[in-house]
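Following: one structure in structure tokens, then a few remarks.
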Amino acid sequence: MAHGNEAAGHGDHHGPPKGFTRWLTTTNHKDIGTMYLVFSLTMFLISGLFAMLIRAELFQPGLQLVDPGFYNQLTTMHALIMVFGAVMPATVGLANWMVPLQIGAADMALPRMNLFSFWLLFFAFMLLISTLFVPGGAPASGWTLYPPLVLQTGNAFPMAVFAIHLMGASSIMGAINIIVTIVNMRAPGMTLLKMPLFSWSWLITAYLLIAVMPVFAGGVTMLLTDYYFHTSFFNAAGGGDPVLFQHVFWFFGHPEVYIMILPAFGIISEIIPTFSRKPIFGYEAMVYAIASIGFLSFIVWAHHMFTVGMPLAGQLFFTLSTMLIAVPTGVKIFNWTATMWRGSISFEPPMLFALAFLFLFTIGGFSGLMVAIVPADFQYHDTYFVVAHFHYVLVPGAVFAIMAAVYYWLPKWTGHMYDMTIAKWHFWLTAIFVNVLFFPQHFLGLAGMQRRIPDYPTQFTDWNMVSSIGGFGFGLSQLLFVWLIIRCVKGGERATAGVWDWPHGLEWTVPSPAPYHTFEKAPELH
Amino acid sequence: MSIVKRNSKLPATAGALAALTAMPALADWSRLNMPKGVSELSREIYDMHMIMVWICLGIAVVTFGAMILAMIRFRKSKGAVADTKLLHNARLEAAWTLVPTIILIAMAIPSVDKLIKIEDMSGSRLTVKVTGYQWYWQYEYLGKGVSFYSRLARTSDLARQRGSGIDPNTVENYLLEVDKPLVVPTGTKIRLLLTANDVIHAWWVPDFGMKRDAIPGFMNEMWISVDADKPGTYRGKCAELCGADHGFMPIVVVAMPPAEFEAWLAQQMATE
């Protein structure tokens, strides 16, 4: 086995330096993956705190805790941090750790760039979060940054734009790194169509990132010149068009939601087979489904903006193209179900989260179908129905998948098994509260409560209270997750190389914890 | 402003009327579901919405049923042994690609004629220009010389201040009342021209089934129509984030029979 020889062959100079220097100077994919994951968890908690403050304000009508202006800062920062600081870095961290292990590579192809992209991201968020303390406060225009509203931002404006540039650069570098690694460094015999689905999902995600992050960067740069140099890209008085920004934003923003969910699809495609003790059903179809979702994600953007007033043909085109995404997504759901069919299913924590994903993400898919249909969307648009929809795909969708991945691979990272009782408690509390939190928001939206408001007419009180209780419960339950991870890092029952009953894939052939260097000699594939 | 004063009783009377007619509807579904509304468009959109709800529930029963069945029948704890040969089934895979495609296209088809109707502005008998401001609305009855602003009612505005000590539950139509509502005739197709003065707003009254953005520098249009037999007060709010007081710029529309409306309009024109 490759890792057996390596300690003897290379001596100590390959071990990590001690202390803080290790994390500043490391180019090891595992260390960088760990940093991404810890960073993501921290951001998840900070942004979750914002969300709980939002839910506390919405607990009853009237303004109790925050001013309307600060409320808008909270919703904006909650979204920006969750999207760019929590979900994306978590999937990048997982890719850093697992892609080389899954394809039998020694490290990422561009290790220094890898470290650079992490620290860019870190400082991007220090910059973004510091806007809370500048005159005028943080951006309050919603994460969509629509002009002209966003141009009313105070000193935070250039800081937020620069933060977005930094995180964009970081994402692009990360994406290049993953593509180069997967294309060039697969172990001999690992053809593309033998590659594990998590790596596949990241390969396609990386292309989406490279395609759309520059568009977003361009869009915010145009905002910047409108703000400081009196250009008129989005200013109607100068011949510009505020709606142009919305097109630019959503041309980035729609693929962005797939950037968050495709790696989740990859994770679920790893976990369901393991705990059904049966290889994935319809592997090629799964690959093609991810690829077609990736393609379709580029031609549906204007479904976010049906109410801006669009030609009839445009409305129909974006309705139809959006509905078509349900076809490959459906194929994935059916294939996961078929993987379980005639399997031998057990319910360890990763599988519990994967199963919850299967049900709850599908609910988000249904509401997604509904908002895709344009005359009905004239009612749904900008209401809590939409809030419920995208939180169903992002929380019990992307976030549950990430938690499933942590529960799946944590023993491989730490070398310890975690406490199954706490994990199950965490799962059940999270799964129940997430529904208490988001399901009533469907009702609120349909009954006419619009988004992004700190206060509401009194007939919405009941469901807002229920939703807030769900929110507090969900938030507090995550402390169990943090506690479990800390305990697992510190110690616990030793994990075997395979960890699970039916391990499949190269990552389970190396010992647990995975040695600092793995696959320095390419593994033999059967 | 004498106009504001003279008509302050109108919304109250019309509002009471509307409350009476809307009462049975409020009792059941209105807190959980989309309102059927009071116009042809809103009812069509409601019907579409319900069809989609039922289709989604149908698909949910089938897919969730299969998942639950798999979880029950193929548990390791019940001695299930994995059939590792079950990896492909060309026919099944083709079926679950093609059948959803057909269902989805079928779901999208009914939108075509409704969209054509929604985008058809012809035959409108009254045009009102609606301008969004941070944070109130302006209504101009084009060609009639009547124009006024519509802001959050004083009672709500006082109660919504942080630390006001006023319980919102004691305020009638909290955040859904304005000082001067838009008045329209029932049974008439009314064209709204939407624009904004500062940032993007969106004009939305759920009972009319439509919302559309009001964009500075651009003129959007939409039409509304209130059933002839449903005069009353209908309430909505700005639906596009427009800054700090986005949540505090309601829309109130009083729909009255054409004859009454003409009288109201004549009175407005006289005082203007």
Taking only Cα atoms and a 10 Å spring cutoff, compute GNM fluctuations for chain B and point out the largest among B:Val253, B:Val183, B:Val62.
-> B:Val62
May I ask you to evaluate 6.51 cos²θ - 1.76 cosθ + 1.60, the Karplus curve with θ = phi - 60°, for each residue of region B:254-268 and list the ³J(HN,Hα) values in order in whole Hz, giving x for glycine and proline?
-> 9, 9, 10, x, x, 4, 4, 4, 4, 4, 4, 5, 4, 5, 4
Long-range HN-HN contacts of B:Arg75 with modeled amide H, under 5 Å | A:Ile345, B:Ala80
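Mind giving me the FRET efficiency for A:Leu192 and B:Ala60? R0 is 45 Å, r the Cβ-Cβ distance, nearest 0.05 is fine.
Values: r = 35 Å, r/R0 = 0.77.
About 0.85, to the nearest 0.05.
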Over chain B, what is the relative contact order in whole percent, taking alpha-carbon pairs under 8 Å and six or more residues apart?
-> 23 percent
Using the alpha carbon gyration tensor of region B:92-192, what are the three equivalent-ellipsoid semi-axes (square root of 5 times each eigenvalue), largest first, in whole Å?
-> 41, 27, 11
Using only Cα atoms, find the angle between the long axis of helix A:29-57 and the longest principal axis of chain A, and express it within 0 to 90 degrees, rounded to the nearest 10.
-> 30 degrees
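With a 10 Å Cβ neighbour count serving as the proxy for reagent exposure, in which order, fewest first, do A:Met88, A:Met310 appear? Intermediate results must be reported in sequence, preceding the final value.
Numbers: A:Met88 26, A:Met310 17.
Result, fewest neighbours first: A:Met310, A:Met88.
So how strong a dipole does region B:123-271 carry about its Cα centre when Lys and Arg Cβ are +1 and Asp and Glu Cβ are -1, to the nearest 20 debye?
Working: 15 positive and 16 negative charges, 40 e Å.
It comes to approximately 200 debye.
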Report, as an integer, the average count of C-beta atoms from other chains found within 10 Å of each Cβ along B:207-217.
-> 6
When chain B is treated as a Gaussian network with springs between alpha carbons less than 10 Å apart, the largest mean-square fluctuation among B:His88, B:His201, B:His49 is found at B:His88
Check: the protein assembly as shown dipole with +1 on Lys, Arg Cβ and -1 on Asp, Glu Cβ, in debye = 1160 debye
So what are the ³J(HN,Hα) numbers for region B:180-196, from phi and the Karplus equation (6.51, -1.76, 1.60; θ = phi - 60°), rounded to whole Hz, Gly and Pro as x?
-> 8, x, 6, 10, 9, x, 7, x, 10, 7, 10, 9, 10, 9, 10, 8, 9
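With +1 on the Cβ of every Lys and Arg and -1 on the Cβ of every Asp and Glu, and nothing else charged, how large is the dipole of region B:81-205 about its Cα centre, in debye rounded to the nearest 20? Walk me through the numbers before you get to the answer.
Details: 14 positive and 12 negative charges, 63 e Å.
I would put it at about 300 debye.
Can you sort B:Glu172, B:Glu221, B:Glu240 by how many other beta carbons sit within 10 Å, fewest first? Mind showing how you got there, number by number?
Numbers: B:Glu172 12, B:Glu221 16, B:Glu240 28.
Listing B:Glu172, B:Glu221, B:Glu240 from fewest to most nearby Cβ atoms yields B:Glu172, B:Glu221, B:Glu240.
Could you put A:Ser477, A:Ser232 in order, starting from the residue whose Cβ has the fewest other Cβ atoms within 10 Å? Show your work: numbers first, answer last.
Details: A:Ser477 19, A:Ser232 14.
Result, fewest neighbours first: A:Ser232, A:Ser477.
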Nearest 10 degrees, 0 to 90: helix A:312-340 Cα axis against chain A principal axis | 30 degrees
Distance between Cα centroids, region A:468-509 to region A:343-398: provide it in whole Å.
-> 23 Å
Hey, any idea what the orientation-averaged projected area of the convex hull of the protein assembly as shown's Cα atoms comes to, in nm²?
-> 33.9 nm²
Once region B:40-118 is represented by equal point scatterers at the alpha-carbon sites, with solvent omitted, what log10 I(q)/I(0) does the Debye formula produce at q = 0.22 Å⁻¹?
-> -1.11
Of the options A:Met403, A:Ile486, B:Gly58, report the single residue whose Cα projects farthest towards the positive end of the charge dipole of the protein assembly as shown (beta-carbon charges: Lys, Arg +1; Asp, Glu -1).
-> A:Ile486
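Suppose a student asked you for the relative contact order of region B:123-271, using Cα pairs under 8 Å spaced at least 6 residues apart; what percent would you report?
After rounding, I find 27 percent.
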Roughly what angle does helix B:90-108 make with the longest principal axis of chain B, taking Cα atoms, 0 to 90 degrees, to the nearest 10?
-> 10 degrees
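Filter A:Lys332/B:Lys36; A:Lys332/A:Lys424; B:Lys117/B:Lys237; A:Lys18/A:Lys424; B:Lys189/B:Lys237 down to the pairs with a C-alpha to C-alpha distance above 30 Å, please.
Working: A:Lys332/B:Lys36 35 Å; A:Lys332/A:Lys424 26 Å; B:Lys117/B:Lys237 24 Å; A:Lys18/A:Lys424 35 Å; B:Lys189/B:Lys237 21 Å.
From A:Lys332/B:Lys36; A:Lys332/A:Lys424; B:Lys117/B:Lys237; A:Lys18/A:Lys424; B:Lys189/B:Lys237, over 30 Å: A:Lys332/B:Lys36; A:Lys18/A:Lys424.
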List every residue whose amide H lies under 5 Å from the amide H of B:Met222, counting only residues 5 or more places away in sequence or on a different chain, with H placed 1.01 Å from N in the peptide plane.
-> B:Leu192, B:Leu194
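Please report the relative contact order for chain A, taking Cα pairs under 8 Å with a sequence separation of at least 6, and give it as a percent rounded to a whole number. Could you put the intermediate results ahead of the total?
Numbers: 844 pairs, mean separation 99.8, N = 526.
Relative contact order of chain A: 19 percent.
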DSSP beta bridges in chain B: the antiparallel percent, rounded to 5, is 70 percent
At each listed q (0.25 Å⁻¹), what is the log10 of I(q)/I(0) that the Debye formula gives for region A:403-503 modelled as equal alpha-carbon point scatterers?
-> -1.23
Using a 10 angstrom cutoff on alpha carbons, build the Gaussian network for chain B and name the most mobile of B:Trp204, B:Trp54, B:Trp137.
-> B:Trp54
Amide proton proximity set for B:Ile251, modelled H, under 5 Å, gap of 5+ = B:Gly236, B:Lys237, B:Cys238
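No value in this document is a laboratory result; all are computed from the given coordinates. Source: prediction; values computed, not measured. Cβ atoms come from the backbone with ideal geometry, glycine included; neighbour counts cover every protein chain shown.
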